[in-house]
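The values are calculated or read from the model by the stated rules, or taken from the named source; none is laboratory data. Nothing here was measured: the structure is a model prediction, and the numbers come from that model. Because the Cβ atoms are built from the backbone with ideal geometry, glycine has one as well, and the counts that use them run over all protein chains shown. Just the protein is used for accessible areas: all its heavy atoms, side chains included, with ligands, DNA and RNA removed. Shrake-Rupley method; radii C 1.70, N 1.55, O 1.52, S 1.80 Å.
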Amino acid sequence: MSSVYFTMVIKLYGWLNENPMLKVVKKKEPRGRVRFLQDKEVCRLLTECRKLSYELYLCVLIALSTGARYSEILGLQWENVDLIHRQFNFLNTKNGEDRGVAITSVVYNELIKFKKVRNINSNYLFTTKNGKTTLYIRGQFEKALVNANITDFHFHDLRHTAASYLAKGGASLLEIATILGHKTLAMVQRYAHLTLNHTASVLETMNKEMFKNIKTDLSA
């Protein structure tokens, strides 16, 4: 921000001839931390979450299936859950935009069961018994991690886990960015190496179609 202020001073008041901040070499930002669960870890975590509470289990299930942030999930109200069109509507997200994400079959079935026993004292999905505040999930989540023998892991890493499974499942970086709510592809470049197999498969299919009438055997 200092550079912006110096520029303003130069343009508005003419106190300086040049912006001294332009000579300052900026350090490169460190690459974001990436830790995601393996298949067996996912199973262990969900099992332990369900033992502790159904709300914790459903919250983690939503995080894994959508890549949504902790605040987005805890901020969900029933009016944001479109069970007819099977879509979550996350409002006022971190990037300032609303985002719709599909409700997968597994999560849909759990939501149908959960709605039957929902807390009628609040419109929020995850709320205390009196309905006045949302649940504090992190404490139980930390306990579930210990019980599942999972180390070096945070709730936000569920978002990385969702993205990694999307990449390995064949989603493009653009599709991952759209689902996670990133405005640019820069934030999802960390998953690029996981999409290599899918990219190779797409190219192979394209090449077969493009060169199907071309003889590649020069001796023929």
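Brief remarks on what is shown
- Normalised by 2.2 N^0.38 Å, where N is the number of residues, the alpha-carbon radius of gyration of region 82-122 equals 1.35.
- Stretching the chain fully between TYR136 and LYS212 yields a gain of 21.5 nm (0.36 nm per residue, less the alpha carbon separation).
- Rounded FRET efficiency, nearest 0.05, which uses the C-beta distance separating ARG86 from ASN123 and R0 of 22 Å: 0.65
- Label-reachable residues, region 127-169, where backbone N falls under 15 Å from a point 7 Å from GLN77's Cα toward its Cβ: 127, 131-134
- Applying a threshold of 26 Å to the alpha-carbon distances of LYS51/LYS113; LYS51/LYS183; LYS51/LYS115; LYS40/LYS168 flags LYS51/LYS183 as lying beyond it.
- Peptide ranges 59-69, 176-186 listed from the most packed, as the mean C-beta count within 10 angstrom indicates: 59-69, 176-186
- Placing a label point 7 Å from the Cα of TYR54 along the Cα-to-Cβ line, the residues of region 94-126 whose backbone N sits under 18 Å from it are 106-126.
- If you take the alpha carbon atoms of region 66-143 and fit the smallest convex hull around them, that volume is 112 Å³ per residue.
- Under 15 Å from the Cα of LYS212 - aspartates and glutamates, other chains or at least 8 residues apart: GLU204
- Computed with a 1.4 Å probe over protein heavy atoms only, the accessible area of GLU72 comes to about 10 Å².
- Sorting LYS132, LYS143 on solvent-accessible area from highest to lowest, probe radius 1.4 Å, gives LYS132, LYS143.
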